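Derivation of every value follows stated rules applied to the coordinates shown; laboratory data play no part. What you see is a predicted model, and the numbers here were worked out from it, not measured in a lab. Because the Cβ atoms are built from the backbone with ideal geometry, glycine has one as well, and the counts that use them run over all protein chains shown.
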Amino acid sequence: MAHIIGLGEVLWDLLPRGRQLGGAPFNFTFHCHQLGHPSAIVSRVGDDDPGRDIRAEVKQLGLSDAWVQTDPDHATGTVRVSVDGNGQPAFIITPDVAYDFLTWQPDLEGQFVQAQAVCFGSLVQRHPVARAAVQRALRAARNALRIFDVNLRQHFYDRNVLEESLALSRWVKLNEDELHVLRDLLGLHGAGDSALLTDLRKRYRQEVAALTRGDRGCLVQTEDEEVSVPGVPVQVVDTVGAGDAFTAGLLVSVLEGKNLSEAASFANRLAARVAGSAGGTPRIDRDAL
C-alpha cells in the first residue's frame, strides 16, 4: 500500500539531449520514494512502445506501475522541451493523449481512502474524462493531505479548474509566475508576493501555501507562521522537475515531524540539487543534502 500518491500525468519529456521520463506528478512521486516513503503513481499510458518503455523505466527506478492504466486508443503522452541559456524550460505539450483519459476504477478506492498524501496538478484536468477521475479520487482521499501543485502549462487551465482544485486541497504549491496569473484570474489582493499568498491561502482555506522563487529560494506560509528561505547557489543544468522535488521534500519533511523552517530548507536544498542535474528524476543521496 502506497502512503503517498502522485495523481496525473506520466509522460516522456523530449529534451534536446533525448527523452526523459517526466510529468510533474511522477517526478513528485519518484522523489518521495527516493526519500524513503512508499509512493505510487496513478496515471495512464498508451498501448504502444513509449508506454511500455515508461512502465519499464518506472520499475527500473524502483516504483510500481500497478496503478498505471493502459489506453487502447490514445498514444502515450509526450512534451517537447526546449531549455534556454539559464536552464529555464519551455514546453509544447501533445494534446489528446492517454493520461487525458485517466478513468476512475473501483480498485483505486482503497488506495486513496488509505493514502497519507496525494499530489495533483492542473494539466491532467484539461480533459473532462481525466478531470472527473481526479475529482473522484480526491473525494475518496478525504482524510489525506491533498496537495494542489498548480503547475500551469500553456493554455491548459481555466478559473473553474483552479477553484475546484483549491477547494479539494489542503496545501497549495506554486511559483511566482503562477501566483501572478492567479492574482489576475482570481482577483487576489495584496501588495507583494507575501500578501498575495496570504489572500490565496485564506480565501481557499489552505493549511499551507508554498511559493517557489527560483534562485531566490522559497516562501512558505501557514495560518501561524511565514518562513522565507534564501536560494541555494547551484550551477543550473535545467530546472525541469525542481519544483516537483521541492513539493516532495516539503511534504516528506512535514510527515517526518520537521518544523516549517526545517522542512522549507530541506525542500529548497533538494530542488537546487535537481536544478543542478539533468532532467526531473536524478538519483540523489539524501544524506548528501
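Side notes on the structure shown:
- For the stretch 116-121, backbone phi angles converted through the Karplus equation (6.51, -1.76, 1.60; θ = phi - 60°) give residue-by-residue couplings of 7, 8, 9, 10, 9, x Hz, Gly and Pro being listed as x.
- The stretch 71-170: antiparallel DSSP beta bridges as a percent of all, rounded to 5: 50
- When the chain is described by a simple charge dipole with +1 on each Lys and Arg Cβ and -1 on each Asp and Glu Cβ, the residue from VAL83, PRO128, ALA263 located farthest towards its positive end is ALA263.
- Where labels lie 7 Å past Cα in the beta-carbon direction, separation of GLN114 and ASN160 in nm: 3.6
- Average Cα contact separation per residue, the chain, under 8 Å, 6 or more apart, as relative contact order %: 16
- Calculated SAXS-style log₁₀ I(q)/I(0) at q = 0.13 Å⁻¹ - the stretch 214-289, Debye, Cα scatterers: -0.34
- Beta bridges per DSSP with both ends in the chain, % antiparallel, nearest 5: 40
- Simple point charges give the picture: +1 on the Cβ of Lys and Arg, -1 on the Cβ of Asp and Glu, and for the stretch 91-159 a dipole about the Cα centre of about 260 debye.
- Of the peptides 156-162, 247-253, 111-117, the ranking by mean beta-carbon count within 10 Å, highest at the top, reads 247-253, 111-117, 156-162.
- Placing +1 on each Lys and Arg Cβ and -1 on each Asp and Glu Cβ, with no other charges, gives the chain a dipole about its Cα centre of roughly 280 debye.
- Value at 222 nm in deg cm²/dmol, rounded to 500, when DSSP H runs of n ≥ 4 in the chain each add -39,500 (n - 2.57): -11000 deg cm²/dmol
- Distance distribution note for the chain: the fraction of Cα pairs above 22 angstrom is 54%.
- Here the label points at ASP287 and THR70, each 7 Å from Cα along the C-beta direction, are separated by 4.1 nm in the simple model.
- From most to least packed by mean Cβ count within 10 Å, the peptides 4-10, 64-70 give 4-10, 64-70.
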